[in-house]
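Okay, structure first, notes after.
The values are calculated or read from the model by the stated rules, or taken from the named source; none is laboratory data. Predicted model, so just to flag it, every value in this text is computed and none were measured. Ideal geometry is used to build each Cβ from the backbone, glycine not excepted, and the neighbour counts take in all protein chains shown. Heavy atoms of the whole protein, side chains included, go into the accessibility calculation; ligands, DNA and RNA do not. Shrake-Rupley method; radii C 1.70, N 1.55, O 1.52, S 1.80 Å.
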Amino acid sequence: MKVLWLTLQVQWQRGIQTLRLAWLGFRKFFIDLANKAFYGAVAAFEIAWHGLQVAWIEATAFLSKTWAQFTNGFQQAWNVAINWVAKRLLELQGLFDSSFDVDAAKKLADQELQATNRRIEAQKNQALAETERQREQRRRHETQTHEQTLAKAGKQYEDARQQLEDEYDAQRQKSEDALANARKAWEDAMAEA
């Protein structure tokens, strides 16, 4: 009777093991699929966010450079207009004062215009260089943050996958141990009988 009962237990454990392993494989597949979908979505969101960040950095740098060039051009044009008016006033002054050297005064006005415009151009070049430096620094920082975030998501996925694999292996081993114990008890009963 004991051998018969243990034979039934061995067969029961064998059937349960088959079902348990099928369930564990099914469960592992779908949990892994869900993890891949989740961490894939995290990575896709990070890639999209990184793209937006880079676009913002580039757009603000472009606008800053455009503004610096526009204001530089406007200031130089304004200075040229002021110089032209100053020369006309110098010519007018020369009409009333014959001792006044109009050509020398115009030459000084032109020299002042050139010096002012060179100073404005240097300021523009300095502003453009600073904008480019900041753009590159922000891009490096954003790229570093992006790569760290992707690496973190990848590590979290690998950790979840490893945990799932460990859990699957532990459950499979538990099922195999139960079958081995039932088989051992049956073998012992057979030897005793």
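Relative contact order for the chain: 53 percent, from Cα pairs under 8 Å spaced at least 6 residues apart, divided by residue count.
Distance between the C-alpha centers of the range 90-167 and the range 1-32? Whole Å please. Cα centres, the range 90-167 to the range 1-32: 71 Å.
How many percent of the accessible area of the range 1-61 is carbon or sulfur, using a 1.4 Å probe? Carbon plus sulfur share of accessible area: 77 percent.
Remark: the residue 119-residue 1 segment gains 31.7 nm on full extension, using 0.36 nm per residue and subtracting the alpha carbon distance. Would you work out which of 98, 163, 145 lies farthest towards the positive end of the dipole of the range 92-193? Charges go on Cβ: Lys and Arg +1, Asp and Glu -1. Farthest towards the positive pole: 98.
Modelled this way, with points 7 Å down the Cα-to-C-beta line, the labels at residue 66 and residue 98 are 5.8 nm from one another. Spacing of the modelled spin labels on residue 145 and residue 49, each 7 Å from Cα toward Cβ, amounts to 0.9 nm. Under a model in which nothing but the beta-carbon of Lys, Arg (+1) and Asp, Glu (-1) is charged, the chain shows a dipole of about 360 debye around its Cα centre.
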